[in-house]
Ligand code: G3I
């Protein structure tokens with residue numbers, strides 16, 4: 001591989017999955033967006049289209065339009081497709097709040113949702129974030145509508161229901177647990193208990209949203225290894241690197257590139273073979289979506305700038321995958 005090979009070429013050449021998160025609107029309307037994805041990535045994740053809220057405009061209705069468009073794009077370009085996410089406390093349907101359900105009704109609803117969604121993409125989605133962010137930042141089980149109705153066992157049931165309708169690999173996905181810390185300790189215990197109970201879980205997704213905070217890559221590697229020692233696959237599922245607004249280093253693009261390189265090296269060192277960035281280019285980053293974020297973080301966290309031109313981080317990642 002030479003230095004003018006694309007990120008996709010150098011990654012594919014060494015059996016590494018380099019991915020991006022897609023939104024259907026940009027995929028439909030922005031040629032530079034989908035060309036960048038097609039030419040530079042071999043894996044994708046729908047950013048919102050496979051979440052319960054967007055999929056369920058009404059209690060007995062599904063809208064797969066955006067999800068199908070993204071998954072079909074992935075298949076048409078021979079990409080690895082990650083499904084995100086079957087069970088989450090966020091982005092619940094608008095009608096959900098008003099629904100006065102019994103615990104049994106909620107359990108039936110969730111089972112049918114998982115069977116329908118994961119079943120539909122049985123042949124086209126390679127991996128699922130079955131449960132997302134079930135652990136609160138203090139390490140306890142997050143209080144959610146699912147935990148309220150079924151306790152911790154909602155995780156057992158969600159993974160079993162998914163495994164009944166798809167052969168995709170099944171992940172637990174979370175943030176703030178990328179390195180060895182109190183939250184990843186709690187998740188380690190949670191997943192160990194699931195495995196003890198023969199729950200069909202295949203791996204963990206470390207989101208790796210580095211917003212102002214950049215843990216030591218050695219600690220991330222150690223964290224990856226301990227989950228691998230449990231027999232779990234580990235993927236980096238939502239990476240981006242932003243600095244605290246007002247405290248960003250002058251050469252932040254170089255600092256950002258160095259950190260992307262360090263995380264890629266930790267992947268190669270541990271055999272973690274999948275790294276997905278949360279977005280395609282800076283202009284479409286979720287950090288630009290939320291009004292209060294600008295005063296909190298720099299808003300250029302990805303490998304491509306607003307014009308889909310590669311940044312130093314892109315070259316750092318490509319070089320690491322060539323030389324590493
Ligand atoms: O689609 C509606 C649109 O019809 C409406 O006009 C508009 C205004 O309210 O909202 C649009 O929905 C927004 C959706 O993004 C699509 O743009 C939601 O309000 C907004 O909440 C949603 O934000 C997503 C966020 O998850 C929700 O928590 C972000 O795009 C998405 O990047 C972000 O992703 C999460 C991962 O799923 C889990 N890990 C953290 C990550 C970042 O927060």
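Where both bridge residues fall in the chain, DSSP classifies roughly 10% of the beta bridges as antiparallel.
Relative to the compact-globule estimate of 2.2 N^0.38 Å, the Cα radius of gyration of the range 249-290 comes out at 1.40. Computed extension length for residue 222-residue 307: 27.0 nm, one decimal, from 0.36 nm per residue of separation with the Cα-Cα distance subtracted. Rounded to the nearest whole angstrom, the semi-axes of the ellipsoid equivalent to the range 205-324, taken from the Cα gyration tensor as √(5λ), stand at 24, 16, 13, largest first. Just so you know, the averaged projected area of the alpha carbon convex hull for the chain sits at 15.8 nm². Helix 31-40 and the longest principal axis of the C-alpha atoms of the chain enclose an angle of approximately 80°.
Using all pairs of distinct alpha-carbon atoms, the Kirkwood hydrodynamic radius of the range 53-183 works out to 15.6 angstrom.
With the simple model of a label 7 Å out from the Cα in the direction of the Cβ, residue 288 to residue 138 spans 3.8 nm. Between the helical axis of 312-323 and the dominant principal axis of the chain, each derived from Cα atoms, what acute angle in degrees is found, rounded to the nearest 10? With rounding to tens, the tilt is 90 degrees.
Between residue 4 and residue 124, residue separation times 0.36 nm minus the direct Cα-Cα distance comes to 40.1 nm.
Stretching the chain fully between residue 244 and residue 90 yields a gain of 53.0 nm (0.36 nm per residue, less the alpha carbon separation).
Using only the alpha-carbon atoms, how far is helix 252-270 inclined from the longest principal axis of the chain? Give it as 0 to 90 degrees, nearest 10. Approximately 60 degrees, to the nearest ten.
Every number in this text was worked out from the coordinates using simple rules, so none of it is lab data. Bear in mind the structure is a predicted one, so any value in this text is a computation, not a measurement. Cβ sites come from the backbone with ideal geometry, for glycine too, and all protein chains shown count toward neighbours.
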